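Read the figures in this text as sums done on the coordinates, not as results from a lab. Owing to the predicted nature of the structure, the values given are computational and were not obtained by experimental measurement.
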């Protein structure tokens, strides 16, 4: 049971990391953030988006992508460590 959970956890992390890398970096976040800002402005009755809002969206996307990248790297390293520890435990069990 624990082995199955570990494998699912590792595969999920790898898939999420690949999706994040394929997403195209902070440019993908910028497009989504701009769309959200435009929708918020439309809900308020404002037509379009200002240049100041565009700059804020760009800065937010760059900052958030850096945070996401650090978190995914940390999670990937933790998953790799757990995988290695599980492999060592299996080898130790086979020797006895």
**Message:** What are the equivalent ellipsoid semi-axes of the stretch 2-95, built from the alpha-carbon gyration tensor (square roots of five times its eigenvalues), in whole angstrom, biggest first?
**Reply:** 42, 12, 8
**Angle in degrees between helix 51-95 and the longest Cα principal axis of the chain, rounded to the nearest 10** = 10
**Request:** Kindly express, to the nearest 10 degrees and within the range 0 to 90, the angle between helix 2-22's C-alpha long axis and the longest C-alpha principal axis of the chain.
**Result:** 30
**Message:** I want to verify a result. In a Gaussian network model of the chain, Cα cutoff 10 Å, which of these has the top mean-square fluctuation: 34, 75, 85?
**Reply:** 85
**Prompt:** Relative to the longest principal Cα axis of the chain, at what angle does helix 26-44 sit, 0 to 90 degrees, rounded to 10?
**Reply:** 50
